[in-house]
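Asker: Just dropping this structure here.
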Amino acid sequence: MTVQDKELVPGLAGIPAAESSISYIDGQAGILEYRGHRIETLAEKSNFEETSWLLLNGELPTKAQLNGFRKKLNGYRGIGDDVVEVISKLPKQGHPMAALQAGLAMLGMESPVIDVHDAAQREDACARLIAATPTLVAAFARARAGKPFVAPDPNLDTAANFLYMLNGQKPDALEAHVLDVCLVLHADHTMNASTFAARVVASTEADPYSVCASAVGALKGPLHGGANERVLEQLEAIGSAAAVPAWLEKMSASKGKIMGFGHRVYKTKDPRAKRLQTLVREVREKLGSTPVYDTALALEDAVVAKLGAKGIHPNVDFFSGIVYEKLGIPTDFFTPIFAIARVTGWLAHWCEQMDGNKIFRPGQIYTGVHDATYVPIDQRG
Ligand code: SDX
């Protein structure tokens, strides 16, 4: 059977692109597992560093392994003065995800060139990328705000360090914990578009910095990680719970996509959306009300009533922005936070791809012409 005889599957929906043991989704039941552990358990009992170890190594770390990993991350959080300097010169009107792509490329330029077939060198590169990605994101935020770069504090973990480098002051324990839970929830999600992009680039034996920079490009899109930023804009545009019915009517009439809803795999409420929703409640109780939350609840009820039967429910992006806004994070930095977490998943997939790698080179169904005649330019109509 030739490629021409095969049937096209748009977006490769449901077509296996790899075998993987990193994470698992049951879209009908709304289940997500990292290395067999339910996401609800990890969000409650684990933390980003432990979850990163789990995703990278396949099992929970011992105390010694976790302490060693934390120490390694703390040693790799810094970025070179040249990188800080260039980030401070990037176009301020540019999107922070573009700045992160540039930052990851530069991180690769100042890091050791590795043999992608050497597991120990891969492990070291993973630690460098997981450790330094938050620093790259915070560096652009500070530069854009006209504030001096804040170097990472070796005594803080990933979530606390990011808030410290962003705001120039140590975060309170609640804020750091809330962000840490968000990072756990966003760390991996089977063969999503940005992870697939990572695997394709990995399959060419490119370096891990290029793998992650490519994945950032995919995550930036509004149909993928870029949705979280647009959800908040959407809720602010709706304005109030009372305005939801009219807004939804108009959106449905124009066949527009409602940001934060729907999923290729989940046909019920995303389990991460459920945990993020409880985080919103926790944050509201302790840090004050979030006006957009009432609009969000009304929108969820209305959309599920109208489209729930089609499997359209809230996804991970629906509540995350409300949490980040309460933490004082600028809206266009919501997706970079998604990337700070997902870099672990992309790297776990990079390592898995390198074990028994085969370069991705799919076919196509050709719909063009053959044997075209070359007409000289002065004879073309
Ligand atoms: C993420 O893949 C992952 O795992 C991604 C992610 C991860 O952790 O990596 O979970 C993170 O990207 C979450 C998704 C964030 N994106 C959005 O919130 C943007 C809005 N959502 C949609 O664009 C859409 O739901 C997708 C892109 C998420 C999924 O699209 P599919 O699977 O390609 O479905 P589709 O576009 O073919 O839609 C099927 C039907 C259509 O109706 P019909 O033409 O059949 O009548 O459902 C409708 C769509 O119009 N539909 C929506 C909708 N999503 C699907 N209608 C209105 N609003 C929506 N959000």
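Asker: For segment 57-72, check the following and say yes or no: at least one residue is at negative phi and within 16 Å of the ligand (Cβ to nearest atom).
Answerer: Among the residues of segment 57-72, not one is at negative phi and within 16 Å of the ligand (Cβ to nearest atom), which makes the answer no.
Asker: Within segment 34-63, track down each residue that is farther than 12 Å from V181 by Cα and over 18 Å from the mean Cα position of the chain (by Cα).
Answerer: R35, G36, H37, R38, N57, G58, E59, L60, P61, T62, K63
Asker: Here is a follow-up. Name the residues in segment 206-227 that are near the ligand (Cβ under 8 Å from one of its atoms), crowded, with 24+ Cβ neighbours inside 10 Å and not aliphatic (A, V, I, L, M), would you?
Answerer: G225 - this is the single residue of segment 206-227 that is near the ligand (Cβ under 8 Å from one of its atoms), crowded, with 24+ Cβ neighbours inside 10 Å and not aliphatic (A, V, I, L, M).
Asker: While we're here: Out of curiosity, is R272 assigned to a helix (DSSP H, G or I), touching a Leu at 6+ places or on another chain (Cβ under 6 Å), within 14 Å of the ligand (Cβ to nearest atom) and at negative phi?
Answerer: Working: assigned to a helix (DSSP H, G or I): yes; touching a Leu at 6+ places or on another chain (Cβ under 6 Å): yes; within 14 Å of the ligand (Cβ to nearest atom): yes; at negative phi: yes.
For R272, the condition - assigned to a helix (DSSP H, G or I), touching a Leu at 6+ places or on another chain (Cβ under 6 Å), within 14 Å of the ligand (Cβ to nearest atom) and at negative phi - is met.
Asker: Among the residues of segment 301-330, what is the count of those that are surrounded by fewer than 22 Cβ atoms within 10 Å (Cβ to Cβ) and among the acidic types (D, E)?
Answerer: Looking only at that region, the number is 2.
Asker: Out of curiosity, is A143 closer than 30 Å to A125 by Cα, more than 18 Å from the chain's Cα centre (by Cα) and touching a residue at least 40 places away in the same chain (Cβ under 8 Å)?
Answerer: Here the answer is yes, as A143 does meet what is asked.
Asker: While we're looking at this one, here's another question. What number of residues within segment 55-102 satisfy the criterion of being among the small types (G, A, S) and touching an Asp or Glu at 6+ places or on another chain (Cβ under 8 Å)?
Answerer: Residues flagged as among the small types (G, A, S) and touching an Asp or Glu at 6+ places or on another chain (Cβ under 8 Å) within segment 55-102 amount to 1.
Asker: Pick from segment 228-269 the residues that are more than 8 Å from the ligand (Cβ to nearest atom) and among the charged types (D, E, K, R): which of them is farthest from K306 (Cα to Cα)?
Answerer: Here the residue is E229.
Asker: G328 is checked against (1) more than 23 Å from S21 (Cα to Cα); (2) modelled with pLDDT of 95 or more and fails just one. What number does that condition carry?
Answerer: Only one criterion is unmet by G328, namely (2).
The values are calculated or read from the model by the stated rules, or taken from the named source; none is laboratory data. This structure is a prediction, so every number in the text was calculated from the model and none was measured. Note: ideal-geometry Cβ built from the backbone for every residue, glycine included; neighbour counts use all protein chains shown.
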